[in-house]
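Notes follow once the structure below has been shown.
Every read-out reported here was derived from the displayed coordinates using simple, explicitly stated rules and does not represent laboratory data. Everything quoted here is computed from the prediction, not taken from an experiment. When we count neighbours, we look across all protein chains shown, and the Cβ atoms used for this are built from the backbone with ideal geometry, even at glycine.
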Amino acid sequence: MRFFDKRIISHFDFVTIILVIPIILFSYHLINEINEVLGVKQLFYFAIAFVAFIVVFYLPIRRAVLFIPFLYWIGIALLIMVELFGVTKLGAKRWIEIPIIGLTLQPSELIKPIYLLMLGYLIKHKPPPKDGYGLKSFAILSMYILLPTILIAKEPDLGTALIFAFVGFGVLFIVGVQLRIWVSILIVLAIIAPLMYNYGIKDYQKKRITDFISEEPSYHVRQSIIAIGSGGLTGKSVDEATQAQLKFLPIATSDFIFAYLIERYGFIGALGLIFIYFLLILHLLYYNYHFSEDYLLNVFSSGLALLVFFNTSVNILMVIGFAPVVGLPLPMFSYGGSSFLNYIVLLAILENLNAFRFKDSYNFERRL
């Protein structure tokens, strides 16, 4: 088998990889500065992610497209299992323990790639008419969006659930839905919003909202703002970045790593990272127009762009005190294995759908 066939390389999207690499390298640099042990662990995650990228990239996804609904329903079953048999950590039941080996997995992370593929599969088999999807088609697609959203919200993981909803309906907005449907949804949401606040969310989630709108921000946000303010325009040396080095800044390698970035490299460093994310999101959205007839590819790329956009936006707004504190990491930048690996798998699927968009690219035997 020739893994580096010229036809595969010619359709490989190198621009996405070029934009992702500086995010990963900069992330490792900051994590290693704060905690060298975590830096070593992050290198281990990088190695696993690299192997996962290669494996997923060579999977015959387009030829196995009929299995996508089957995988989607397996993901739904795993989310239901979380409700029935899940492991509780820090007050949230989001994990399933694997028997014998004792490891845990988080179905809400595992289902993300399948979720986007399922939307692409549905839209591919019933493309939108010129005036956009009508009420019946919109209702069917909404069911596939809301089902995992509701199950994840019940864990409870409201932040991830909202991201699922925003990404799913954002994809439908890009693909095309009749305007009257969106107007109706906005009116309904405006009416039921008070009821959702009073009866639909947990007490600790209400506290996050009240902390956000109160005059006095929470401890986490206060320390984050101090770190951001001390960074100034160009930042400080690693020894002078006392907020992180003296452990005042909480979760400095994960949820609040953006604050440490500004403490070290100032406004200029933050602007540089945001600009890279902006280029990545813009490039992913470009697929939607460049491959307008390939719904599996452009829906997946649009969904990935929205996933990166919403997670990045919420994390940055949270860190600077403009959004409630939720446990959403900065994509491919915050420390951690599961989230990072998940994004690399998503990128591998995108590259697969792009590089193998011509079916004969799978016939490796002819090129042995």
Problem set entry | Estimated 222 nm signal from helices in the chain, with DSSP H stretches of n ≥ 4 weighted -39500 (n - 2.57), rounded to 500 | -23000 deg cm²/dmol
For this session: Classify region 266-346 as rounded, prolate or oblate, taking a ≥ b ≥ c as the square roots of the eigenvalues of its Cα gyration tensor: rounded when a/c is under 1.5, otherwise prolate if a/b is larger than b/c and oblate if not.
Result: prolate
Seminar exercise, completed: Interchain or sequence-distant (5+) residues whose placed amide H lies within less than 5 Å of the amide H of residue 133 are 177, 178
For this session: Report which label in (i) 150; (ii) 161; (iii) 133 holds the value of volume of the Cα convex hull per residue in Å³ derived from the coordinates of this structure.
Result: (ii)
Seminar exercise, completed: If exposed means chymotrypsin sites (Phe, Trp or Tyr not before Pro) lying in a DSSP loop and surrounded by at most 12 other beta carbons within 10 Å, then the longest stretch of the chain lacking such sites spans residues 5-321
For this session: Please identify which residues in region 276-318 have an amide N closer than 14 Å to a label point set 7 Å out from the Cα of residue 125, following the Cα→Cβ vector.
Result: 296
Seminar exercise, completed: Those helices of the chain passing the 20 Å axial Cα length cut-off and the mean Kyte-Doolittle cut-off of 0.5 (DSSP H runs only) are 14-34, 36-57, 68-85, 107-125, 135-153, 158-175, 179-199, 257-290, 295-319, 338-355
For this session: Under 1.5 on a/c is rounded, so check that first for region 121-194, then, if it is not, pick prolate when a/b is larger than b/c and oblate when it is not; a ≥ b ≥ c are the square roots of the alpha carbon gyration tensor eigenvalues.
Result: oblate
Exercise. Of 27, 108, 292, which is the most mobile in a GNM of the chain whose springs link Cα atoms less than 10 angstrom apart?
Worked result: 292
Exercise. Where in region 246-261 does the label zone of residue 226 land, with the point 7 angstrom along Cα→C-beta and an amide N cut-off under 11 Å?
Worked result: 246-250
Problem set entry | residue 238 versus residue 37: modelled label distance in nm, points set 7 Å from Cα along the beta carbon direction | 1.8 nm
Problem set entry | Total charge dipole magnitude, the chain, about the Cα centre, Cβ charges on Lys, Arg, Asp, Glu only, Debye to nearest 20 | 960 debye
Problem set entry | Inter-part distance where region 227-276 and region 124-202 are each reduced to a Cα centre, Å | 36 Å
